Each structure stands twice: as structure tokens, then as C-alpha cells.
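Structure, as C-alpha cells:
The values are calculated or read from the model by the stated rules, or taken from the named source; none is laboratory data. Note that the structure is predicted; figures quoted are calculated from it, not measured. Accessible surface is based on the protein model in full, side chains and every heavy atom, while ligands, DNA and RNA are left aside. Shrake-Rupley method; radii C 1.70, N 1.55, O 1.52, S 1.80 Å.
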Amino acid sequence: MEKSKKQSKKITAGLLAVYLFALTWIIVFKMQFSFQGLPDFREINLIPFAGSANVNNQIDFNEIIYNVLAFIPFGIYISMLKSNWSFLKRITVIAGVSLLFEGLQFIFAIGASDITDFMGNTLGGIIGVGVYKLFSTKATKILNVLASIGTICIVTLLLLLIYLRISGVIIYKVS
């Protein structure tokens, strides 16, 4: 039984590593293959639901929803690996990673650092922790399978985007 639990944690840790790699490529590197393709601006927005979440003077809920959805797996993975941690400690790690991503964008001038993104990411992590709490009593293996499927889908999507980018179907414009 203990060997199965250790093996499950190794699989989860591997999935978390792949997930964090993909998330870093999406958030920090904007799915670019070279540093020349990255945006070259530094902006910080500390007013919730303003700035990048505002398009044509209306809140762009899609961007907020994507940020929430992107961090739900992180809450699940952290909970699966550190089930003995308190809720606050898990959320602190999730918020810290989100803050790190926003800070890296500012430090390297590769986009806007936005409090709305930070809030959405953290909310997604909280939802992930909640999902784990709902299903954790009997479903750790099921969560691992679902997390595996989700990670495989993300990696497949990223590989498809890479293929489309290399083949010239997708051309990113940086203004």
C-alpha cells in the first residue's frame, strides 16, 4: 500500500512539473520560441478589473475566466502532494507562484503585471483545492487520472500550437 502511494505521488509530481512548465511557457514566455518574439513593454496595474482585463471600456471576462481555469489544476496538484498542509499554506504557495509570474513579466519587461490576473490565478487555485477536498476521500487515483488527462490535453494543445507556429499557420504579431 505504501509503495502504491509513493508511486502515485511521483506521478503527481511529474504531472505538476509538466503543468508548471506549460504554464510558464504560456504566462511568462507568451508561447514564443525566441526572446525576440516577446512583447517589449513593462506595465503594472494595481486596480482590480482595469487595465488588461478591460477591452473597449468593458471587463473582458474571458481573460479572467482563463486565468481562473489555468490555475485550478495547480490547486489540485498541490493538495494531492501536500495533503497535510493547511488550506492557508496551500493558497499561499499558489498565490506566491502567481505573484512570481506577474513579477517576472514586470522585471523582464515582457508584458503587463496585473492584479486581476493575480486574483484570477489565486481564485483558480482555491477552486482546485476545493475540488480536491470534495473528491479526496476516495478518489485520489481518479484525480490523478483526471489530472493526467488534463495535462496530456495541455501538452497536446501546446504541441499543436508549436506545429502550427512552425508551419506558419499561426503568426504572432507583437505591437
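Tabulated results
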read-out: Under 5 Å, built H, 5+ apart or other chain: amide partners of G111; value: F41, E43
read-out: Accessible area, probe 1.4 Å, largest first, for residues R42, R90, R165; value: R42, R165, R90
read-out: Whether region 60-151 is rounded, prolate or oblate, judged on the alpha carbon gyration tensor where a/c under 1.5 counts as rounded; value: prolate
read-out: Centroid-to-centroid separation of region 58-101 and region 1-31 [C-alpha atoms, Å]; value: 14 Å
read-out: Members of K82/K133; K6/K89; K3/K133 lying beyond 19 Å, as alpha-carbon distances in this model show; value: K6/K89; K3/K133
read-out: Region 54-123, accessible surface, carbon-and-sulfur percent (1.4 angstrom probe); value: 69 percent
